[in-house]
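Peer 1: Handing you a structure now.
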Amino acid sequence: MENGAVYNETTEPQAKPPRRPFGCTLRHLRGWRLPVKALQAVLSLLAVICEEIVEDCIKCGGLYFFEFTSCSAFLLSLLILCVYCTEVYETFGEDKVQRV
């Protein structure tokens, strides 16, 4: 009997992992964390929009600071959602994501 024939009969083809649309997974944001992060992104976007509605101000320093913080919160919450809900988390590894 030939070795190749025995090997071919007992070897199973390697299964490919199922493809997710856009690499999206909710494995790392379970329970209450996903709705809270989504709400954070929506509210910070709403804050940016409300700040842009203001046309006139007397002392604009506070308004500019509010614009900076709300825009930063929006971008960072989007970044967190992208990292935790896509395959980026597995690509970089948990230790590197936690450090960042």
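Peer 1: Just how much of residue 94 is accessible, in Å², when a 1.4 Å probe is used and the result is rounded to the nearest 10?
Peer 2: So the heavy atoms of residue 94 present about 110 Å² to solvent.
Peer 1: Can I ask one more? Could you list the trypsin sites (Lys or Arg not before Pro) in region 31-79 that lie in coil according to DSSP, counting only those with at most 11 other Cβ atoms within 10 Å of their Cβ?
Peer 2: 59
Peer 1: Using heavy-atom solvent-accessible surface (probe 1.4 Å) with all chains present, what is the largest-first order of 46, 81?
Peer 2: Listed by decreasing accessible area, they come as 46, 81.
The values are calculated or read from the model by the stated rules, or taken from the named source; none is laboratory data. Keep in mind that what you see is a predicted model, and the values were worked out from it rather than measured. When we count neighbours, we look across all protein chains shown, and the Cβ atoms used for this are built from the backbone with ideal geometry, even at glycine. The protein model used for the area step is the full one, side chains on, heavy atoms only, and it has no ligands, DNA or RNA in it. Shrake-Rupley method; radii C 1.70, N 1.55, O 1.52, S 1.80 Å.
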